[in-house]
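Just so you know, all these numbers are worked out from the coordinates, no wet-lab data involved. For clarity, every value in this text was computed on a predicted model and none was experimentally measured. For neighbour counting, all protein chains shown are included, and Cβ atoms are generated from backbone atoms with ideal geometry for every residue, glycine included.
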C-alpha cells in the first residue's frame, strides 16, 4: 500500500488548505464528501490513511469511515472535526474504529504527528515486506496478572524513515517490566 493520504470534507477550501499545507510531506488526495471519498478509495486506493470531517451532508464521517473500514481494513482512519460532539466521537470510534479524533482548527505540527503515527500503524497492519517497519514477536511467554502463562501480544518494530524524525525519538526505549 502506498503511503497516500486521503482527506474528505464537504468544504473545498478546507481541502485545498490541507493539500497546500501537507503536499511536501505526503502524497495527498482529496474528496468533497463521503460518496466521492468512497469512489477514490475504490478507484485510486489503497490509502494508508484516510482523514474525514464528521459533519458532511449525505454521509457523515462516522458512516464514511465505517465504509472505508469494510473496504480496506488496514487503512488507518482519523476524524478531524470542528465540532466536539461526544455522541459523534463515540459513533466514529465504534463504527469506524478510528485511530485519532482531532479537532479543527488543527495545527500543522499536530496533524503531521498524527499522520506519521497513522503511517506507522498502517505499516504494522499491512506488514509489507521490504517496508521500513517489520513485525516482531516476543518469543518468551509471560505471566499474566491471573498467573496464567500467556504469549506477549504482537508488536511492531518501527524504524524512522530517512530524514523524518520519529515522534517517539525522545521517549525512553527501556522496558520497565
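Selection of region 78-93 for residues being farther than 16 Å from residue 33 by Cβ and within 15 Å of the chain's Cα centre (by Cα) yields 78, 92, 93. Candidates in region 31-52 are the residues that are farther than 23 Å from residue 123 by Cβ and touching a helix residue (DSSP H, G or I) at 6+ places or on another chain (Cβ under 7 Å); of these, the one that is surrounded by the most Cβ atoms within 10 Å (Cβ to Cβ) is 34. On inspection, residue 65 does not qualify as part of a strand (DSSP E or B) and in contact with a helix residue (DSSP H, G or I) (Cβ under 7 Å, 6 or more places away or on another chain).
Among the residues making up region 103-115, those that are part of a helix (DSSP H, G or I), free of Cβ contacts under 8 Å to residues at least 60 places away in the same chain and surrounded by fewer than 20 Cβ atoms within 10 Å (Cβ to Cβ) are 109, 110, 113.
Scan region 19-47 residue by residue and report those that are outside any strand (DSSP E or B), closer than 14 Å to residue 112 by Cα and touching a residue at least 24 places away in the same chain (Cβ under 8 Å).
Kept after step one, since they are outside any strand (DSSP E or B), are these residues of region 19-47: 19-26, 32-47.
In the following step, the residues that additionally are closer than 14 Å to residue 112 by Cα were identified as 19-26.
Passing the criteria: 21, 22, 25, 26.
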